[in-house]
Amino acid sequence: MVKLALDTITREHTGALDSSVHSLTDTDWESFLDKTKNEFRGEMWGFKCGSMAFVDGQLIGNGDDFMRWAKEKFGLIDFRPPAFYEGLSNQAYKSYLENPDRDVVYVDLVHDKSPMGRMIFELYRDIVPDTVSNFVKLLTAKSEKKYIGSLLHRIVKSGWVQGGDIVNGSGGNSDSAAGGKFPDENFAIKHDRAGIIGMANDGPHTNGSQFYITFGPAPWMDQTYVAFGCLIEGQHILRDVENIETVNERPKRPLTIHDCGLLKDAL
């Protein structure tokens, strides 16, 4: 809606605006919202919408507020129905998921037999292809060596959640899809936010099946653990996981991967 409005204003009022539109994933939006709330404080704490508009550096509100501003400033009136914009949004998201250089996967969690919901990750096959390939094979496997049914066995508050022991869930085993361990591919992806997913290890070049998901920035991991993707939907589920009751960093009640796989196969 806002992008089309900006295109119309730019076309009909040349030079009137220097504008930009930034599309964010669910996780990046929550991080941006938290940062903006800290900057703007009082007026932002109750902000719940999925869009934010600024004019000359000043927050004017959400997309609807921008449309009212555009009407007052430029006489812009939009007669398109909401279903039109919903269709455009769905198509844009579908195109994002179909990026041939990336894999988009889902992980459904169950805690003590109660569903927690679905987390969706974008995996950087273009940057760490071997690491992503190993993870996807275990994620989609239906044989004995698979992530489905395995435990997330460790929760470190303000740190990470860890899983992927596909042998017995104790946290003492890590076996790759091809068997054994494989080397660190590179450390190109930084641990700069919540929701970074990477390979847990026992030292250099000991990657297998165990993985972690960060609860926040963890720059100390950058040159030690190979990150290979990030959470794009399900930030609230990750927060719920962090708050699960533990004993010696182990969930008191089982936290299990109920289902997982490539998102395109589940749509």
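Things worth noting here:
- Over the chain, Cα pairs under 8 Å with separation of 6+ residues give a relative contact order of 21 percent.
- Per residue accessible area of the range 89-190, 1.4 Å probe, in Å²: 48
- Excluding same-chain neighbours fewer than eight residues apart, the lysines reachable from LYS71 by a Cα-Cα span under 30 Å are LYS3, LYS35, LYS37, LYS48.
- Solvent-accessible area of ASP240 with every protein chain in place, 1.4 Å probe, in Å² to the nearest 10: 80
- Computed over the range 81-221: relative contact order in percent, which uses C-alpha pairs under 8 Å that are six or more apart: 16
- Sulfur and carbon atoms: percent of accessible area, the chain [1.4 Å]: 50
- Distances between placed amide hydrogens fall under 5 Å for ASP175 paired with ILE166, SER209, GLN210, all partners being 5 or more residues away or on another chain.
- Protein-only accessible surface order, largest first, of THR224, THR8 at 1.4 Å: THR224, THR8
The values are calculated or read from the model by the stated rules, or taken from the named source; none is laboratory data. Fair warning: this is a prediction, and the values are worked out from it, not measured in the lab. Ligands, DNA and RNA are excluded from the accessible area calculation, which covers all protein heavy atoms including side chains. Shrake-Rupley method; radii C 1.70, N 1.55, O 1.52, S 1.80 Å.
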